[in-house]
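> Input: one structure, supplied below.
Please treat every number below as a calculation from the coordinates, not as lab data. Every value quoted in this text rests on a predicted model; they were computed, and no experiment measured them. Every residue, glycine among them, receives a Cβ derived from its backbone with ideal geometry; neighbour counts consider all protein chains shown.
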Amino acid sequence: AVGQSASQLPDLSAATPMPPGLKAHAEEAALSDQLLDGHVVGQRDQDIVLLADQPGRYELPELRLAWWDVVSNQRREAVLPAVTVEVVAAAGSTSA
């Protein structure tokens, strides 16, 4: 993110509501900052593990994130579309 330090970037696992039966567990984020063309550039790399109570289809909702474009000086919005995931039981396991 241009114009923000890594520590200012949100944890997207906390911003994404999970459907019933699905939980998100955020791994520790790797944060880094650089200076590029006179602007601070923050980067946050983070893995998010999804845990399901049982096999099935789960719909992860669309995620919208507002941000300020410091280059064009205007508000913008990043959109991650909704995603459907299919969870299957582990081989050799029994599921209810």
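> Scanning the stretch 34-54 for residues that are free of Cβ contacts under 8 Å to residues at least 24 places away in the same chain and not in a strand (DSSP E or B), which turns out nearest to the chain's Cα centre (by Cα)?
The residue in question is Asp47.
> Restricting attention to the stretch 39-76, and to residues there that are of a type in the set (A, V, I, L, M) and in contact with a Leu (Cβ under 9 Å, 6 or more places away or on another chain), which single residue is surrounded by the fewest Cβ atoms within 10 Å (Cβ to Cβ)?
The residue in question is Leu51.
> Scan the stretch 1-27 and report the pairs whose first residue is touching a residue at least 60 places away in the same chain (Cβ under 8 Å) and in a loop (DSSP other than H, G, I, E, B) and whose second residue is surrounded by 11 or more Cβ atoms within 10 Å (Cβ to Cβ) and among the hydrophobic types (A, V, I, L, M, F, W, C), with Cβ atoms within less than 6 Å and a gap of 6+ or a chain change.
These pairs meet every condition: Ala1/Leu9; Gly3/Val70.
> Of the conditions (1) farther than 27 Å from Val2 by Cα; (2) loosely packed, with under 10 Cβ neighbours inside 10 Å, Val79 clears all except one; give me its number.
Of the numbered conditions (1) farther than 27 Å from Val2 by Cα; (2) loosely packed, with under 10 Cβ neighbours inside 10 Å, the odd one out for Val79 is (1).
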